[in-house]
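Working notes, beginning with the structure itself.
The values are calculated or read from the model by the stated rules, or taken from the named source; none is laboratory data. All values reported here derive from a predicted model rather than from experimental measurement. All Cβ positions, even for glycine, are placed from backbone atoms using ideal geometry, and neighbour counts span all protein chains on display.
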Amino acid sequence: MSLKIKKNTPLIDQHDNNFMYGGKFGGNFIPETLKKPIDDLTKLFARLRKDKKFLRERDHYFTSYVGAPTPFIKLENLSDNLGGAQIYAKVVSEANGGAHKIYNATVHCLIAKKAGKKYVVGDTGAGYAGKMLSMAAKKFGLKCKIFMGAKDITRQRPNVEAIRKNGATIVPVTTGSQTLVDAVSECMRYWVSNCDTTHMCVGSTVGPNIFIKICAWSTAQISRELIKQVFEEFGKIPKNLKLINCVGGGSSAAGFWNEFMDTHAEFIGVEAGGPKNSKLHAAPLTNGSKIGILHGAAQYVIQDKEGQIGSTESISAGLDYPGISPLHCFLKDTKRAKYTSASDEDALKAYQLVSKLENISPSLEPSHAFAEAIRIAPKLKSSEVIIVNSCGDSLKDKDIIKQKLGYYTR
């Protein structure tokens, strides 16, 4: 079946009546106990996204609290060093808290208030989704609980400390791989039993359809700003524009690309290829993974020979996820976006080069995207433009970077 992107239709609304994108991806594969809270949230969000008062409230907090708009800068030194294409960055890491996750967290807390809920619960891998939700919960007077894999608690210590400082409770997840996939699972199990009093914030564009929609709708702020900044810089959308973004769950990429969906801009998503000496990775789109069901949605997902969720490995906790947003599965199959992967080693080298030459210090997630930009830029003409979404600050990764490189630059 040939899939097509519908023109002039928001990406999050390109599903059918069963909430399936292209008839293959997404949906609501949920237990009966979650049907009513999912339906209630779906109806509430459908109303709020058209409510002018709510939109003004969202925009107010995006400006006064999140810090919109985030900078759009040319990476002069990196461009000169590599030759070829001109490289720019949308420095989303300048948002309050240091990453794009603040958009989703802010909107979810606003929705929780509208729903009359006093508690919010969320998952986190790299710690940014948890940190941002704890920040937003504190801002809006909500009590917060964060589920986080025990492995990630150890390797993302700075964000763990920030979450606790904000007054949130961290629930260590010791099942399975003790990473993001298990944190999402435990968070959903908790919400099943507490949905009457608690609002759940899924940290990326994964899960039942409504959580995909809320997250992508929130992070679309990135491209709403960027498309204006591109016109201010170039007077038009450059002919051979490439928008490069790391892809784990897929939230920053969905937001980065949203407003450019009907343009000629090329989308390149970069998954986590894992260590070069390992067969493990977190790149289902790049490695021909089959469709499976994970966290309530059909998607390409890493599986073992028995069809069970497979093991993953990545230096980046935020990309260390066996599945991928149904939105990105849809974008891949329609050929609107193309996907590749970068190894742990390539991401570290990209971090080194970018932080050495420029006044930004990307976390290990966008370092994967920078690795792809560094790879292709010398092969392109000087008239071509690459924009990388520097969606997270490296502070959370300082221990890992120092361990691997012997130093940390910020």
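Numbers for the structure displayed
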quantity: Any hit, region 360-377, residues being out of contact with any strand residue (DSSP E or B) (no Cβ under 9 Å at 6 or more places or on another chain) and in the same structural domain as I87 (by TED's automatic domain parsing); calculated: no
quantity: One residue from S93, S79 being over 16 Å from the mean Cα position of the chain (by Cα), at pLDDT 95 or above and either crowded, with 21+ Cβ neighbours inside 10 Å or more than 23 Å from K213 (Cβ to Cβ) (or both); calculated: S79
quantity: Qualifying positions in region 279-301 - part of a loop (DSSP other than H, G, I, E, B) and over 17 Å from the mean Cα position of the chain (by Cα); calculated: K279, L280, H281, T286, N287, G288, S289, K290, G296
quantity: Candidates S177, S193, S185 - the one that is small (G, A, S) and under 25 Å from I401 (Cβ atoms); calculated: S177
quantity: Set N77, N96: member being closer than 30 Å to K242 by Cβ, of a type outside the set (S, T, Y) and in a loop (DSSP other than H, G, I, E, B); calculated: N96
quantity: Options C215, C201; residue that is in contact with a Leu (Cβ under 7 Å, 6 or more places away or on another chain), hydrophobic (A, V, I, L, M, F, W, C) and under 18 Å from R49 (Cα atoms); calculated: C201
quantity: Matching residues in region 168-199 - criterion: being hydrophobic (A, V, I, L, M, F, W, C), touching a strand residue (DSSP E or B) at 6+ places or on another chain (Cβ under 7 Å) and farther than 18 Å from G127 by Cβ; calculated: W191
quantity: Region 96-110, subset out of contact with any strand residue (DSSP E or B) (no Cβ under 7 Å at 6 or more places or on another chain) and of a type in the set (A, V, I, L, M, F, W, C), residue nearest to S390 (Cα to Cα); calculated: I102
quantity: Of all residues making up region 202-260, the number that are surrounded by fewer than 21 Cβ atoms within 10 Å (Cβ to Cβ) and among the β-branched types (V, I, T); calculated: 2
quantity: Every residue from region 239-274 that is among the aromatic types (F, W, Y) and in contact with a Lys or Arg (Cβ under 8 Å, 6 or more places away or on another chain); calculated: F256, F267
quantity: Any hit, region 129-152, residues being touching a residue at least 24 places away in the same chain (Cβ under 8 Å), under 22 Å from L34 (Cα atoms) and β-branched (V, I, T); calculated: yes
quantity: E358 being surrounded by fewer than 24 Cβ atoms within 10 Å (Cβ to Cβ), closer than 24 Å to P238 by Cβ and not aromatic (F, W, Y); calculated: yes
quantity: Filter result for K381 (free of Cβ contacts under 8 Å to residues at least 24 places away in the same chain, more than 17 Å from the chain's Cα centre (by Cα) and surrounded by fewer than 18 Cβ atoms within 10 Å (Cβ to Cβ)); calculated: no
quantity: Within region 189-213, tally of residues that are in a helix (DSSP H, G or I) and touching a helix residue (DSSP H, G or I) at 6+ places or on another chain (Cβ under 8 Å); calculated: 6
quantity: Scope region 99-115; condition under 19 Å from P71 (Cα atoms) and either without any contact (Cβ under 8 Å) to a residue 24 or more places away in the chain or outside any helix (DSSP H, G or I) (or both); matching residues; calculated: A99, H100
quantity: I102 surrounded by fewer than 24 Cβ atoms within 10 Å (Cβ to Cβ) and of a type in the set (A, V, I, L, M); calculated: no
quantity: Test result for Y339, touching a His at 6+ places or on another chain (Cβ under 9 Å), among the aromatic types (F, W, Y), in contact (Cβ under 8 Å) with a residue 12 or more places away in the chain and under 26 Å from V192 (Cβ atoms); calculated: no
quantity: Region 225-250 residues that are under 30 Å from Y300 (Cβ atoms), paired with ones that are modelled with pLDDT under 95 and among the aromatic types (F, W, Y) (beta carbon under 9 Å, 6 or more apart); calculated: G248/Y321; G249/Y321
